[in-house]
Amino acid sequence: MGTTVLAVKAALVRGRKKLLEGEEAGAEKAAPARAELDRYAGLFNARDWDGLRALVSDDCRLDLVSKSQRRGKQVGAYFSRYEKENVALRLVRLEGRLAFAAYVAGAIKPAYFILLTFENGCVTSIRDFRYVPYIAAEAEFEVVV
C-alpha cells in the first residue's frame, strides 16, 4: 500500500474518533430530541438566522473542528457565514446518534456533518465538521425520515 493511501486511512480513523469523542463529551447533557432537531433544521433551511440565534444559549460552545472554537455571544456570528451560502441540513443517524448532514448547493451527498447538544430547549453545543470533509466521504449514515 502506498503512503498516500495509508495517510488517507489514518485521517479517516482520526475523523471517526473525533465524532465519537464529541458524543462522549456531550454524554452528560441530554441527547437532542427529534423535535428540537427538526425545529433547528426547519429554521436553518428556511434561512431564519435570527430564529436560530434565539435558540442558542448564552453559554453555547461552538467547535469548528480543526479550525476554531467560540463560546457565548461569539457563537451568533457563526450563522453569518451560512447566510452567504447555499447549504441545507437533513437529519441523519450517524454512528448511532442523530446529527445533521450538510448538503451544499443541492448536492446528493453531504459535504460534512454537524452535531448539536440541547438543554432546556436551547442549543448548548455545536460541533461543525465543515473543515474536515474527509469524514463525510467515508461515513456510514442513514437519512432519518
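Here are the numbers:
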| quantity | calculated |
| --- | --- |
| Residue in segment 54-109 that is modelled with the highest pLDDT, counting only those that are of a type in the set (Val, Ile, Thr) and open to solvent by 30 Å² or more (accessible area, probe 1.4 Å) | 104 |
| Extreme residue, farthest from residue 85 (Cα to Cα), among residues of segment 110-123 that are in contact with an Asp or Glu (Cβ under 8 Å, 6 or more places away or on another chain) and either surrounded by fewer than 20 Cβ atoms within 10 Å (Cβ to Cβ) or free of Cβ contacts under 8 Å to residues at least 60 places away in the same chain (or both) | 121 |
| Residues that are closer than 15 Å to residue 81 by Cβ and outside any helix (DSSP H, G or I), drawn from segment 42-55 | 47 |
| Spans of strands (runs of 3 or more DSSP E) in segment 56-145 with at least 1 residues over 19 Å from residue 41 (Cβ atoms), more than 13 Å from the chain's Cα centre (by Cα) and of a type outside the set (Gly, Ala, Ser) | 56-64, 68-71 |
| Residue within segment 125-145 that is under 14 Å from residue 37 (Cβ atoms) and at pLDDT below 90 present | yes |
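The values are calculated or read from the model by the stated rules, or taken from the named source; none is laboratory data. For clarity, every value in this text was computed on a predicted model and none was experimentally measured. Cβ atoms come from the backbone with ideal geometry, glycine included; neighbour counts cover every protein chain shown. Each accessible area value is taken on the protein alone, full model and side chains, heavy atoms only, with ligands, DNA and RNA left out. Shrake-Rupley method; radii C 1.70, N 1.55, O 1.52, S 1.80 Å.
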